[in-house]
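Undergrad: I have a structure I would like to understand better, so I am pasting it below and will then ask my questions one at a time.
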Amino acid sequence: MLNIKDLYASVEGNQILKGLSLSVKAGEVHAIMGPNGSGKSTLSKVVAGHPQYTVDRGSIDYEMSGGVKSLIGMAPETRAREGIFLAFQYPVEIPGVPTSGFLRASYNAVCRHHGLEEMDPMDFDGFVREKMKILEMDDKYIDRAVNVDFSGGEKKRNEILQMAVLNPRLALLDETDSGLDVDSMKIVAHGVNTLRNKRNAMIVITHYQRLLNYIKPDVVHVLYQGRIVKTAGPELALEVEERGYDWLIK
Amino acid sequence: MGSLFGETKLFTSLNAAHKSLVALESLPWPSVRDDAWKYTDLSSLGGSAFSPVSERDLKAKDIPEALKSFLSPTGINIVFYNGSYAGSVSSLSIEGIEIGLLNKAGADNLPLDGFLFQTMNAVCAPFAYVINIHPKKVEDRILHIVHWNDKKLDHKSLFPRIFIRSGARSIVKIVESFFSKDEPTSFINSMTDIQLEDRALVEFVQVFRNGKKSMHVASTRVTQKKESSFRSFQFLDGGNILRNDLKVQLNGEGASASVNGLHQLKGKDHADSHTFIEHVAPNASSDQLYKAILDDASHSVFHGRVYVHKDAQQTNSYQLNKNLLLSRDARVDTKPQLEIFADDVKCSHGAAIGQMDDEELFYLQTRGIAKDEAVRMLVKGFIDDVVSRVKDDTLRSELVKMVG
Ligand SMILES: Nc1ncnc2c1ncn2[C@@H]1O[C@H](COP(=O)(O)OP(=O)(O)OP(=O)(O)O)[C@@H](O)[C@H]1O
Ligand SMILES: [Mg+2]
């Protein structure tokens, strides 16, 4: 589904990703761990198409509606409509834009792209409320401006709500667990698991193996200084939790 | 550049009809060297001739259709067409609200604070219009004060003068709109005076839409007695010159004021809002949010002054000015100013000028929303955020209708 080869990417002249390769197939969950500043968020932004980041070398290929295409140079909204979803490490507050209208604009933009019928506000309201139930979110959030006056944990939950609404093919979850209390993490993980199936894939960025008890990965990678330095099964997360990164870096 | 009012062409053109203007001859004509007029250049106003409109007894047939369709069918309307009172489309009698003319002698007795344009208004206004809301009167309908003009106002000047007195415990919603069709080149010097008695509640919306060629200097003065509550929203879409002075005096203990506004400018629009909140009595609060959204080569000025007197203990005062620049050629001058002479107060102020936020745009795009649509959403969000300060639903939808 996603094939990244020898990727070099930079932001404001700083080379952050230095020869990263990663291949994700439909039905798989990949976890990415790694020390602070190693380039995990950078990778997620590059895949989502942040205009500030430039790809200097390498390729990012993605299997989409018209076959395998390169994501390089593709507008972020096109990637999103083709099923790429980024749950932000730091979700952005958008004052004045109500969550309900935002979710519907988003959902309908994706529908239009695929030639599907848009949902009217009434139907959509019911649809969103169903999704909110899965995430045990209070109805009041829907009337607030996007992420404004949301607590840190509520923002993370709101990211997964958007994921549930858009039902992406490839979801990148950037530290969705940080800032969540134990119970919230279970709820969010449950929400993510209900979306998991054979046709989609997930890349879960985390610092803690705890999350991986709930969202079981098929593969665990360690990212260090812009490259993947180790790839193994779920047991790698346990080992990192116990021993840190030193043994992998040296 | 002439330094005295008497030396300007404007003076000569007005003096022909208003001989008593001579008394103002030696008042200084503001220049950009004056702090209060630093960003609003009045030289083109001083150098232009604007003859005063002659007041007419309007008949129903004189009222243009466009004006009629502008009026709210459900509200109470008080309508002026090119400065003349349009009785045939105005609401005549409302229980608990007296509406009438104040003769000039009465108007002249009212206090003036020596500000050139306010004094000029007092001298040149053919009449003052008084709206007296009785104590305990609660009116659900919106009171619309409509100053509607058209091309007949070309090269003419207008001096609207409105006094509103809201009695103790009365509750009213008022919209005062200045609207000109077909962009007349005109000079409007308006004065609106609002007095709130004890526990009165006034929601007040002002809309300034006089077109690109208008020069409008507007003064709004508000005085508040004990536990009265004033909520205002001013919408300015600019003009050749648009200067808006709003002064709110919290004279009574426990009074509160929520003072808000939006400049929505494009082309070469210019709008300048000077607000002055004066905390005289203790335990009062004021909250201000002024926003500006600027495109093309427009220019927005905000000067927000908050003055807390020595005896005004336990004052709460917040002020924020936010500016969104959509173009590199747009310009903002903002100056929040706090003067506090009491020691037990909570006050804060701030100003921000910025472009469309790239992170917000990216966030929306990652949700499938196209960039131009995302820009529209963010602009609308920026506006809605301040418009939502108008709490009354009908008043807010009226405002949205007028500015949309
Ligand atoms: N916009 C930017 N401008 C300059 N440097 C940046 C920018 N964004 C990221 N960086 C740098 O890139 C490096 C990688 O950052 P990134 O956010 O990808 O790390 P991370 O692995 O997600 O870290 P964390 O675990 O703390 O979230 C860091 O050194 C960071 O300072
Ligand atoms: Mg990160």
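Undergrad: In contact (Cβ under 8 Å) with a residue 60 or more places away in the chain and either of a type in the set (Phe, Trp, Tyr) or touching a Leu at 6+ places or on another chain (Cβ under 7 Å) (or both): does that describe A:ILE60? Steps first, answer last, please.
TA: Values: in contact (Cβ under 8 Å) with a residue 60 or more places away in the chain: no; either of a type in the set (Phe, Trp, Tyr) or touching a Leu at 6+ places or on another chain (Cβ under 7 Å) (or both): yes.
In short, no.
Undergrad: Oh, and also: Checking A:LEU43 against (1) among the aliphatic types (A, V, I, L, M); (2) within 14 Å of chain B (Cβ to nearest Cβ); (3) part of a helix (DSSP H, G or I), which test does it fail?
TA: Evaluating A:LEU43 over (1) among the aliphatic types (A, V, I, L, M); (2) within 14 Å of chain B (Cβ to nearest Cβ); (3) part of a helix (DSSP H, G or I) leaves (2) as the failure.
Undergrad: So A:GLN15 ticks every box in (1) over 18 Å from the mean Cα position of the chain (by Cα); (2) more than 16 Å from ligand 1 (Cβ to nearest atom); (3) among the polar types (S, T, N, Q) but one. Which box is left unticked?
TA: (2)
Undergrad: I need the full set of residues from the stretch A:50-62 which are away from ligand 1 (no atom under 16 Å from the Cβ) and acidic (Asp, Glu), in order please.
TA: A:ASP61
Undergrad: For a quick check of your reading: which strands (runs of 3 or more DSSP E) sit entirely within the stretch B:40-159 and have at least 1 residues that are open to solvent by 10 Å² or more (accessible area, probe 1.4 Å), aliphatic (A, V, I, L, M) and in contact (Cβ under 8 Å) with a residue 40 or more places away in the chain? First the steps, then the outcome.
TA: Numbers: elements: B:76-81, B:97-102, B:128-133, B:138-149, B:156-158.
In the stretch B:40-159, the matching strands (runs of 3 or more DSSP E) lie at B:97-102, B:138-149.
Undergrad: Let me confirm something: among A:SER21, A:SER38, which residue is outside any strand (DSSP E or B), in contact (Cβ under 8 Å) with a residue 60 or more places away in the chain and of a type outside the set (Lys, Arg)? Can you show your working first?
TA: On the way: A:SER21 fails: outside any strand (DSSP E or B).
Matching residue, one of A:SER21, A:SER38: A:SER38.
Undergrad: Is it the case that some residue within the stretch A:39-49 is more than 7 Å from ligand 1 (Cβ to nearest atom), on the phi < 0 side of the Ramachandran plot and polar (S, T, N, Q)?
TA: Yes.
Undergrad: In the set B:VAL390, B:VAL400, which member is outside the structural domain of B:SER285 (by TED's automatic domain parsing) and loosely packed, with under 15 Cβ neighbours inside 10 Å?
TA: Details: B:VAL390 fails: loosely packed, with under 15 Cβ neighbours inside 10 Å.
The conditions single out B:VAL400.
Undergrad: For the stretch A:152-207, which positions are open to solvent by 30 Å² or more (accessible area, probe 1.4 Å), away from chain B (no Cβ under 14 Å) and either among the acidic types (Asp, Glu) or within 16 Å of ligand 2 (Cβ to nearest atom) (or both)?
TA: Matches in the stretch A:152-207: A:GLY152, A:GLU154, A:SER178, A:GLY179, A:ASP181, A:ASP183, A:HIS207.
Undergrad: Then there's this: Looking at B:LEU361, B:LEU338, which one is within 12 Å of another protein chain (Cβ to nearest Cβ), without any contact (Cβ under 8 Å) to a residue 40 or more places away in the chain and of a type in the set (A, V, I, L, M)? I'd like the intermediate steps shown before the answer.
TA: Details: B:LEU338 fails: within 12 Å of another protein chain (Cβ to nearest Cβ).
Of B:LEU361, B:LEU338, the one residue that is within 12 Å of another protein chain (Cβ to nearest Cβ), without any contact (Cβ under 8 Å) to a residue 40 or more places away in the chain and of a type in the set (A, V, I, L, M) is B:LEU361.
Undergrad: Looking only at residues in the stretch A:53-106 that are aliphatic (A, V, I, L, M), surrounded by fewer than 22 Cβ atoms within 10 Å (Cβ to Cβ) and within 9 Å of chain B (Cβ to nearest Cβ), which one is farthest from A:LYS18 (Cα to Cα)?
TA: Of everything passing the filter in the stretch A:53-106, A:ALA105 is farthest from A:LYS18 (Cα to Cα).
Undergrad: Report the residue count in the stretch B:25-42 for those that are within 22 Å of the chain's Cα centre (by Cα) and either assigned by TED's automatic domain parsing to the domain that holds B:HIS270 or of a type in the set (D, E, K, R) (or both).
TA: 4
Undergrad: Looking at the stretch A:220-236, which of its residues are farther than 11 Å from A:MET33 by Cα and open to solvent by less than 80 Å² (accessible area, probe 1.4 Å)? Spell out the reasoning first.
TA: First, the residues of the stretch A:220-236 that are farther than 11 Å from A:MET33 by Cα: A:225-227, A:232-235.
If the condition is that a residue be farther than 11 Å from A:MET33 by Cα and open to solvent by less than 80 Å² (accessible area, probe 1.4 Å), then A:GLY226, A:ALA232, A:GLY233, A:PRO234 are the ones that fit.
Undergrad: Does the stretch A:67-76 contain any residue that is within 16 Å of ligand 2 (Cβ to nearest atom), modelled with pLDDT of 95 or more, closer than 25 Å to B:GLU373 by Cα and not aliphatic (A, V, I, L, M)? Walk me through how you get there before you give the answer.
TA: Taking the stretch A:67-76 first, the residues within 16 Å of ligand 2 (Cβ to nearest atom) are none.
No, there is no match, as no residue in the stretch A:67-76 is within 16 Å of ligand 2 (Cβ to nearest atom), modelled with pLDDT of 95 or more, closer than 25 Å to B:GLU373 by Cα and not aliphatic (A, V, I, L, M).
Undergrad: Determine whether A:VAL92 is modelled with pLDDT under 95 and within 29 Å of B:LYS291 (Cβ to Cβ). Outline the logic, then answer.
TA: Working: modelled with pLDDT under 95: no; within 29 Å of B:LYS291 (Cβ to Cβ): yes.
Judged against the criteria, A:VAL92 is not a match.
Undergrad: Which condition breaks for A:GLU28 when tested against (1) away from ligand 1 (no atom under 16 Å from the Cβ); (2) within 14 Å of chain B (Cβ to nearest Cβ)?
TA: A:GLU28 satisfies all of (1) away from ligand 1 (no atom under 16 Å from the Cβ); (2) within 14 Å of chain B (Cβ to nearest Cβ) except (2).
Undergrad: Has the stretch A:132-139 got at least one residue that is part of a helix (DSSP H, G or I), surrounded by fewer than 16 Cβ atoms within 10 Å (Cβ to Cβ), under 22 Å from the mean Cα position of the chain (by Cα) and basic (Lys, Arg)?
TA: Within the stretch A:132-139, one or more residues are part of a helix (DSSP H, G or I), surrounded by fewer than 16 Cβ atoms within 10 Å (Cβ to Cβ), under 22 Å from the mean Cα position of the chain (by Cα) and basic (Lys, Arg).
Undergrad: Moving to a separate point now. If A:ASP6 satisfies every condition in (1) open to solvent by 40 Å² or more (accessible area, probe 1.4 Å); (2) at positive phi; (3) assigned to a loop (DSSP other than H, G, I, E, B); (4) away from ligand 2 (no atom under 15 Å from the Cβ) but one, which is the exception?
TA: (3)
Undergrad: Can you tell me which condition B:ARG169 does not meet? The list is (1) on the phi < 0 side of the Ramachandran plot; (2) free of Cβ contacts under 8 Å to residues at least 40 places away in the same chain, and all the others hold.
TA: B:ARG169 satisfies all of (1) on the phi < 0 side of the Ramachandran plot; (2) free of Cβ contacts under 8 Å to residues at least 40 places away in the same chain except (1).
Undergrad: I've got another one for you. Can you work out which of the residues in the stretch A:26-52 that are over 18 Å from A:VAL192 (Cβ atoms) and open to solvent by 40 Å² or more (accessible area, probe 1.4 Å) is farthest from ligand 2 (Cβ to nearest atom)?
TA: Going through the qualifying residues, I end up with A:PRO51.
The values are calculated or read from the model by the stated rules, or taken from the named source; none is laboratory data. Remember, it's a predicted structure, so these values are computed and weren't measured experimentally. Glycine gets a Cβ as well: all are built from the backbone with ideal geometry, and neighbour counts include every protein chain shown. The area values use the complete protein model at the heavy-atom level, side chains included, leaving out ligands, DNA and RNA. Shrake-Rupley method; radii C 1.70, N 1.55, O 1.52, S 1.80 Å.
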